[in-house]
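Visitor: This is the structure I want to talk about, given as structure tokens.
The values are calculated or read from the model by the stated rules, or taken from the named source; none is laboratory data. None of these values were measured; they are calculated from a predicted model. Heads up, the Cβs are rebuilt from the backbone with ideal geometry, glycines too, and the neighbour counts pull from every protein chain shown. When the accessible area is computed, the model is the full protein with side chains, heavy atoms only, and any ligands, DNA or RNA have been set aside. Shrake-Rupley method; radii C 1.70, N 1.55, O 1.52, S 1.80 Å.
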Amino acid sequence: MIVVVDHIKTDKVSGVLIYRRKFPKDLVPYVPGNSPKGRGRIEYKKSLRAKSMGTPGVAARLQEAQDEFNELTRLAERQRSIARKRASGAHDPLDASTIARIAAHVLHEGLAIHEEVFSLPEPIERKKARVAGFPSRVACGHAEDAHH
């Protein structure tokens with residue numbers, strides 16, 4: 001029985017199956033993994049590490065390759081959208097949910113830095129001395145009060 005699957009080619013030298021798929025021309029400049037010359041990646045290629053579709057594990061590797069291609073395409077579409085917004089000068093509105101998401105991200109990053117500093121293998125006295133040099137209002141984000 002012959003199974004025909006789109007986007008699968010056989011390597012002419014080794015006979016190994018390869019998933020090959022071209023990106024849409026308008027997305028090429030935005031595809032992650034662009035070349036150093038500035039040209040976009042025009043094709044996605046991934047070996048299925050088998051010589052026939054009946055080999056165990058090929059279907060899973062094919063699905064993985066299709067999922068990776070779809071993810072790269074989605075990322076390229078997002079980058080294209082961002083580039084178009086920048087070119088037009090448009091910005092997303094700062095509504096309450098966007099502000100909350102940004103604030104949560106900033107809080108998460110601040111806590112990660114705090115945890116990293118306090119998990120350093122040094123005596124607690126040195127950590128306290130380092131922190132004591134910073135006014136408490138600066139640590140809370142009120143840098144303008146630190147100069148008084």
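Visitor: Mind listing whichever residues of the range 40-74 are of a type in the set (S, T, N, Q) and in a loop (DSSP other than H, G, I, E, B)? Outline the logic, then answer.
Guide: Narrowing the range 40-74 to residues of a type in the set (S, T, N, Q): 47, 52, 55, 63, 66, 70, 73.
Once the filter is applied, which keeps residues that are of a type in the set (S, T, N, Q) and in a loop (DSSP other than H, G, I, E, B), the range 40-74 yields 52, 55.
Visitor: Could you list, in sequence order, the residues of the range 67-110 that are under 28 Å from residue 33 (Cβ atoms) and β-branched (Val, Ile, Thr)?
Guide: Matches in the range 67-110: 73, 82.
Visitor: Would you be able to tell me the number of residues in the range 14-69 that are open to solvent by 40 Å² or more (accessible area, probe 1.4 Å), at pLDDT 95 or above and in contact with a Leu (Cβ under 6 Å, 6 or more places away or on another chain)?
Guide: 1
Listed here are the residues, each with its yes/no results for (1) of a type outside the set (A, V, I, L, M, F, W, C); (2) touching a residue at least 12 places away in the same chain (Cβ under 8 Å).
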site	(1), (2)
45	yes, yes
49	yes, yes
56	yes, no
61	yes, yes
72	no, yes
92	yes, no
114	yes, no
121	yes, no
126	yes, no
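Visitor: So residue 83 fits all but one of (1) assigned to a helix (DSSP H, G or I); (2) closer than 28 Å to residue 10 by Cα; what number is the exception?
Guide: It fails just one condition, (2).
Visitor: While we're looking at this one, here's another question. Determine if the range 62-76 includes at least one residue that is of a type in the set (Phe, Trp, Tyr), more than 30 Å from residue 16 (Cα to Cα) and under 29 Å from the mean Cα position of the chain (by Cα).
Guide: Applying the first criterion (of a type in the set (Phe, Trp, Tyr)) to the range 62-76 yields 69.
Checking which are more than 30 Å from residue 16 (Cα to Cα) leaves us with none.
Looking through the range 62-76, none of the residues is of a type in the set (Phe, Trp, Tyr), more than 30 Å from residue 16 (Cα to Cα) and under 29 Å from the mean Cα position of the chain (by Cα).
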